[in-house]
Amino acid sequence: MAQPIEILNQYFGYPAFRPGQEDVIQTLLHGQDCLAIMPTGAGKSICFQIPALLLPGITIIISPLISLMKDQVDALVAQQIPATYINSQCTFEEAKQRFAAIRAGRIKLVYVSPERLQNEFFASFMQTMPVAMLIIDEAHCVSQWGHDFRPSYCAIKEWLKTLPRRPIVGAFTATATAKVKQDMLTLLGLEKERIFIGGFDRPNLYFQVIANVDKLRFVLSYIQKHKGESGVIYAATRKEVDRVYKELYSRGIRVGRYHAGMSDSQRQKAQEDFTYDTIDIIVATNAFGMGIDKSNVRFVIHYQMPKNLESYYQEAGRAGRDGAPGECILLFSRQDIMIQKYLIELSVHSPEQQAKELQMLNRMVGYCESRQCLRHYILTYFGEHPTWQRCENCGNCDREVVEEDRTPTVRNICQCVDELKGHFGLTMVCDVLKGSKNAKVKRYGFQQKTSFGLLGDFSGNEIRDMLRQAIDDGFLQQSEGQYPVVKLTAMGQDVLAGNRKVVQERMITPPQEDMMVPKKKRKQENPFIDEEALRPLFDALRAVRYEMAKKEHIPPFVIFSDATLWEMASQQPRTLEDMATIKGVGEFKLNKYGKQFIHAIANTIER
Ligand code: ADP
């Protein structure tokens, strides 16, 4: 039997496995069930595609979306991997041909929707076939908590019993909450499974939160600086999507939009335009993304804060799936919190669930307001324990700061928290310190407190920032739960008693136009060395790719990823032999496309 690594080199053109991939592959090859929870972009598909090629018999892959099936199968076929899909969009003739090809042993991977298992013909056909593996992709769909809950996923367990021999079962998802995990384990009929929780870090992604800016102005200037790059802009509501879309469109930007209020065909068109690089940017609600498998998304901007970190990391994680640098920028304003609270109240009815969701929202707000390393915050949220404190590659680690003695201010804060006796949240502490005379402050008679108005010279946002920092620095402690309250810690009591000095870092705020990811920094992180000098060649290769993709009616990134094109631009291979050493150039693609890209490289350099 060939080795997994050989298949990876030959078919996929990658030199090495990414962390976690090999373990999952070996588990399946040894006949053991597995549940793999890995972040978007970690490279889940290869984990079941390689065993599917190596095991005798066929592998059925349950996939939730027709468009996703098509994309995956297109990408496989482009690498000469024998795959097909059977779904409601196939004509009778097509389905017949595909079943015949499966019967004749010419197909190794069959993609279907979960509903297909209940189709009588399909079920009895599979009873006569050697089914080696059953893979459930996007397996969180089994859970009531999964955002795409589908009852037919629950029938998989029973369906397995109808087969003469039980196949190996593998479940894959990027959703990591405990409840979803439990549901996947109980509802899918996994047996003695091994569970893999992949490292959630995505080192090629740059995270940044930008608070209180003119969002539209920021987005326009960002797009201006990233011309030709693919990006997604997520907004919280349809109305907002339409508004932002119109602003961009009216300025001649190659942009599309996507939300649940549009017709199926409009949405499909937008998605296709984006996948095929006909447009660069898509403005969308969170309805967009599940079916999108585009690897060359260079940035994801959140125009509003999403409702929780699970959604955020999944959406932001759509950037940089090819391993080349990607940027994930969240534009935050406190108004976003109201919008998300409203949406939760509107869509979630059980009080218990509402409380849970509000708690998750609080953690999301914590991310936006945190001054710590953003990557550290995310990884800790997903249950990891990074051994470092700063990643040196996120907006917060990159902030320029100066040290300042802040003892008097923090003492005022501690005094206020002490006077409110740990019964109130950040908003009330902030209002009292600001000297706000709103109804709630009056109702509790807090205008009488000594700390009332002590920080009246600062804006509400500034006070909030100070409170966040006092929490991060350990002077205050914020409780968990739907209505978190703040209390003094022992350190905070020391400050209040005048026994401790407070030295804090103050951010030197750059002017708004410059609040981008510093270019210098990006280059350092970018494995493709001198990005600017290579750009003309990269653009030329991208143009070749675009034309070829158009001829073949496949998305450009299916031919080669951006990462592969960057490597070509930097290595500038002149022969097929040299070309074969580029990551992402497998044997089949080398023969099919190698010459044309070598030609384009030679042409561009000589000019
Ligand atoms: P996921 O389903 O986990 O979101 P995919 O399976 O779509 O991720 O993989 C994301 C990208 O990473 C794809 O472009 C894939 O070809 C690439 N990839 C997967 N494994 C490797 C590897 N070992 N080396 C380099 N790139 C890889």
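Listing for the model above:
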read-out: Sequence-distant aspartates and glutamates (8 or more away, or on other chains) whose Cα lies within less than 16 Å of LYS246; value: ASP280
read-out: CYS328, CYS394, CYS47 arranged by Cβ crowding within 10 Å, fewest neighbours leading; value: CYS394, CYS328, CYS47
read-out: Cβ crowding within 10 Å averaged over residues, with 421-432, 28-39 ranked highest first; value: 28-39, 421-432
read-out: Added length on full extension, which subtracts the Cα-Cα distance from 0.36 nm per residue, ARG506 to LYS179; value: 113.7 nm
read-out: Degrees between helix 66-77 axis and first principal axis of the chain (Cα, 0 to 90, nearest 10); value: 60 degrees
read-out: Distance in nm between pseudo-label sites at ASN603 and SER221 (7 Å out along the Cβ direction from Cα); value: 3.9 nm
read-out: Degrees between helix 238-249 axis and first principal axis of the chain (Cα, 0 to 90, nearest 10); value: 80 degrees
read-out: Whole-angstrom gap from the stretch 84-155 to the stretch 1-69, using each part's C-alpha centre; value: 18 Å
read-out: Alpha carbon convex hull of the chain, volume per residue in cubic angstrom; value: 169 Å³
read-out: Cα-based reach from LYS161 at 16 Å (exclusive), listing aspartates and glutamates while leaving out same-chain residues under 8 positions away; value: ASP33, GLU120, GLU191
read-out: Per DSSP, loop chymotrypsin sites (Phe, Trp or Tyr not before Pro) in the stretch 438-502 with at most 12 further Cβ within 10 Å; value: none
read-out: Three-way shape call for the stretch 47-119 based on the alpha-carbon gyration tensor, with the a/c threshold at 1.5; value: rounded
read-out: DSSP-defined beta bridges in the chain - what % are antiparallel, rounded to 5; value: 15 percent
read-out: ³J(HN,Hα), Karplus 6.51/-1.76/1.60, whole Hz, each residue of the stretch 126-137, x for Gly, Pro; value: 5, 5, 9, 10, x, 8, 7, 9, 10, 10, 10, 8
read-out: Residues whose placed amide H lies under 5 Å from that of GLU327, excluding near-sequence neighbours; value: TYR206, PHE299, VAL300
read-out: Stretchable slack from MET338 to GLN26, in nm (0.36 nm times residue separation minus alpha-carbon distance); value: 107.6 nm
read-out: Between helix 178-187 and the chain: long-axis angle, C-alpha atoms, 0 to 90°, nearest 10; value: 30 degrees
read-out: Sequence ranges 564-573, 255-264, ranked by mean other-Cβ count within 10 angstrom, highest first; value: 564-573, 255-264
read-out: Contour excess over end-to-end distance, with Cα ends at THR387 and HIS553 and 0.36 nm allotted per residue; value: 55.1 nm
read-out: For the stretch 1-71: rounded, prolate or oblate by the Cα gyration tensor [a/c cutoff 1.5]; value: rounded
read-out: Magnitude of the charge dipole, the chain, Cβ model with Lys/Arg +1 and Asp/Glu -1, debye to 20; value: 800 debye
read-out: Karplus (6.51, -1.76, 1.60) ³J(HN,Hα), θ = phi - 60°, over the stretch 380-385, in Hz, Gly and Pro reported as x; value: 5, 4, 8, x, 8, 10
read-out: Footprinting exposure proxy for PHE17, PHE121 (fewest neighbouring C-beta atoms within 10 Å first); value: PHE121, PHE17
read-out: Length-normalised contact order for the chain - Cα pairs under 8 Å, 6+ apart - percent; value: 14 percent
read-out: For TYR111, distant residues with modelled amide H under 5 Å away; value: ILE61, THR84, TYR85, ILE86
read-out: Phi-based couplings in Hz for the stretch 457-469 (Karplus 6.51, -1.76, 1.60; Gly and Pro marked x); value: 7, 9, 7, x, 4, 5, 5, 4, 4, 5, 5, 4, 5
read-out: Theoretical FRET efficiency, 1/(1+(r/R0)^6), r = Cβ-Cβ of ASP242 and GLU462, R0 22 Å, to 0.05; value: 0.10
read-out: The stretch 1-118 - percent relative contact order, Cα under 8 Å, separation 6 or more; value: 26 percent
read-out: Built amide H within the under 5 Å cut-off of VAL283, gap 5+; value: ILE233, GLY256, ARG257, TYR258
read-out: Kirkwood Rh in Å, taken over all unlike Cα pairs in the stretch 200-279; value: 14.2 Å
read-out: Sites GLN89 and ASP214 - FRET efficiency at Förster radius 45 Å, r taken between beta-carbons, to 0.05; value: 0.55
read-out: Above-threshold pairs, the threshold being 21 Å between Cα atoms, out of LYS44/LYS294; LYS44/LYS583; LYS437/LYS501; LYS181/LYS294; LYS269/LYS550; LYS239/LYS307; value: LYS437/LYS501; LYS181/LYS294
read-out: Relative contact order (%) - the stretch 208-280, alpha-carbon pairs under 8 angstrom, separation at least six; value: 28 percent
read-out: Cα gyration tensor, the stretch 441-484 - rounded (a/c under 1.5), prolate or oblate; value: oblate
read-out: Qualifying lysines (Cα of each under 24 Å from Cα of LYS440; at least 8 residues distant if same chain); value: LYS341, LYS421, LYS449, LYS487
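Taken together, the values in this text are just the output of simple stated rules run on the coordinates, not laboratory data. In this text, all values refer to a predicted model and were calculated from it rather than measured experimentally. No Cβ is skipped: glycine too gets one built from the backbone with ideal geometry, and neighbour counts run over all protein chains shown.
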